[in-house]
Structures are given as C-alpha cells and as structure tokens.
Amino acid sequence: MKIFLDTANIDEIRKGVEWGLVDGVTTNPSLMERAGVKDFAAAAKEILKVTPGPVSLEVVATDFSGMMKQAEKIAALGPNAVVKIPMTLDGLAAIKKLRERSIPVNCTLVFSPIQALFAAKSGAEYVSPFVGRLDDIAEDGMTLIEQIKTIFVNYDIQTKILVASVRNPVHVVRSALIGADIVTLPFDVLKKLPQHPKTDEGLARFLEDWNKIFPGGRFPL
Ligand code: E4P
C-alpha cells in the first residue's frame, strides 16, 4: 500500500520524504489555505519537485470547459502532476476527455460506491473516497472502501483506490486489510503510525541496562 501525504505544507513534505515514507502527495484548496499559500503556481511547482511521486492538485472551476482549462494548466506544471476533479456530472465529462488526452485524474469527493464506479468508468486513474467525513455523520467510512474494493475486483477495474479524509491509524490498518492501493495521511497521522509505547519502554530499558555495563552509554567497538 502506498503512502501519500495529505498536505500542501512544504516542510511537512520535506520531512516525510526525508523519512523515506512518502510515495506521493494530495492537496486541496483547504490544504492550500491552511499552508498559507499565496502563489499557487510557485507552491505547486515546489511540491512537485520535492515529492518522489504523484501530486494531486485540484481544479476550482465547476463547469466542464473551466475544468478542462485548469486541468491542462495543472498537467503542464510537471510530469508527476495529477489533476483532481470533483465527482460531478461535468467532472465525469472532464475525466473522460482528460483520459483521452492521457492526463491522469484523481476523482475527489467520492462518498458512495456508485460514484466510485462511475469515476472509474470515465477513466479516472485514482478515486478518493472520504472516510473521515462519513464517520463524522455516523456512517462507517471503511465500509465504503470495502464496497469499492469488491466492485473493482468484480469487474477487474484498474482505477486505484486512494483512501482520503483519513483521521487515525485504525483507518490505515483497515485500508491495508481491505487491500486499498493508497492512503493519504495528514502529517500527524503519519508521525503516529510507527510509534508504540512498548517500543519506547523497551528501548529505555535496553539503554538503562547497557549503561550499567558501560557508563555514559559508551559503545566499545
Ligand atoms: C484528499 O485528497 C482529501 O481532499 C482530504 O483527505 C480531505 O480530508 P478532510 O476530510 O480531513 O478535509
């Protein structure tokens, strides 16, 4: 399962890349605002340069021709740019046209299995089901991932399932058990994943015992 970072904050992306944990990045207009982005082109180019894989950048037009114009500009920013298109009827038409032009699309704001199926049939390379926002309204977001996975397996659909709106490590474990292709994680969730209190406790005890033999933690080699 690939790990993407769900942020437009360049420092977080650099840190995640330094840890060797980041396969790609997803952004959206809210994340751009949160990162304090003023110059979209400059910020997008920097993220594309630093990220060792696909970077989703979202259109803000809602009509077909506006989406197409913005999508072409986004695609021209770099070879790893992926155009994020919302799941609407105009969005589906744009996804189909962009597919014909070999421009990769991440279909965003997916909340039902049928939306995912339609996005895939239109030619989206990625579908982004939002699990956390479904949990927020007392639905089980991960059930949606299971349903999409079943449908994609049934029809041998190659569109990748990119689990979005991830809020906690349990979302990540369940995504891996279901066999999702990608999870996109906020930076704080990424940081939490490799941590375990028993690891910290075990390490402290090893160092304490070592210090009894070699005071100051000296390493005698
Ligand atoms: C990423 O592609 C989505 O835009 C993002 O995960 C949404 O997350 P949120 O529901 O926490 O805003």
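The values are calculated or read from the model by the stated rules, or taken from the named source; none is laboratory data. As the structure is a prediction and not an experimental result, all values here were calculated from the model. Because the Cβ atoms are built from the backbone with ideal geometry, glycine has one as well, and the counts that use them run over all protein chains shown. Note: accessible area is taken over every heavy atom of the protein model, side chains too, but ligands, DNA and RNA are not part of it. Shrake-Rupley method; radii C 1.70, N 1.55, O 1.52, S 1.80 Å.
Pairs from the list K192/K212; K38/K192; K15/K198; K49/K192; K96/K191; K38/K149 with a Cα-Cα gap above 28 Å: K192/K212; K38/K192; K96/K191; K38/K149. Using the Karplus relation 6.51 cos²θ - 1.76 cosθ + 1.60 with θ = phi - 60°, the per-residue 3J(HN,Hα) values for region 55-60 come to 10, 8, 10, 9, 6, 10 Hz, with x marking Gly and Pro. Electrostatic bookkeeping for G78 treats Lys and Arg as +1 and Asp and Glu as -1; over the other residues with beta carbon under 12 Å from its beta carbon, the sum is +2.
3J(HN,Hα) along region 171-177, derived from phi through the Karplus expression 6.51 cos²θ - 1.76 cosθ + 1.60 where θ = phi - 60°, amounts to 4, 6, 4, 5, 4, 5, 5 Hz, with x in place of Gly and Pro. Per-atom-type breakdown for region 2-196 gives carbon and sulfur 55% of the accessible area (1.4 Å probe, protein chains only).
Comparing I157, G91, T143 along the charge dipole axis of region 62-183, the residue lying farthest to the positive side is G91, per the Cβ-charge model. Placing a pseudo-label 7 Å from each Cα along the Cα-to-Cβ vector at Q158 and S65 gives an inter-label distance of 3.3 nm.
Look at the dipole of region 2-196 built from charges on Cβ: of V59, S102, V189, the Cα furthest out on the positive end belongs to S102. Amide H contacts for M87 (H built 1.01 Å from N in the peptide plane; partners 5 or more residues away or on another chain; cut-off under 5 Å): T108.
7 Å from Cα along Cα→Cβ at both N168 and I114: what's the point-to-point distance in nm? If labels sit at N168 and I114, their model points lie 3.1 nm apart.
Estimated from helices alone, the mean residue ellipticity of the chain at 222 nm is -15000 deg cm²/dmol (sum of -39500 (n - 2.57) over DSSP H runs with n ≥ 4, per residue).
Subtracting the Cα-Cα distance of E201 and S102 from 0.36 nm times their residue separation leaves 30.5 nm of extension gain. What the Cβ-Cβ distance of D188 and K38 gives, at R0 = 30 Å and to the nearest 0.05, is a FRET efficiency of 0.80.
Remark on E58: its backbone amide H falls under 5 Å from those of K84, a criterion applied only to residues 5 or more positions apart or on other chains, H modelled at 1.01 Å from N.
Look at where the Cα atoms of region 142-188 and of region 44-75 average out, and the two centres are 23 Å apart. Distance between the pseudo-spin-label points of K73 and E139 (7 Å out from Cα toward the beta carbon): 3.3 nm. When +1 charges are put on Lys and Arg Cβ atoms and -1 charges on Asp and Glu Cβ atoms, the dipole computed for the chain relative to its Cα centre reaches about 420 debye. Extension gain, K2 to K45, is 13.3 nm, computed as 0.36 nm per intervening residue step minus the present C-alpha separation.
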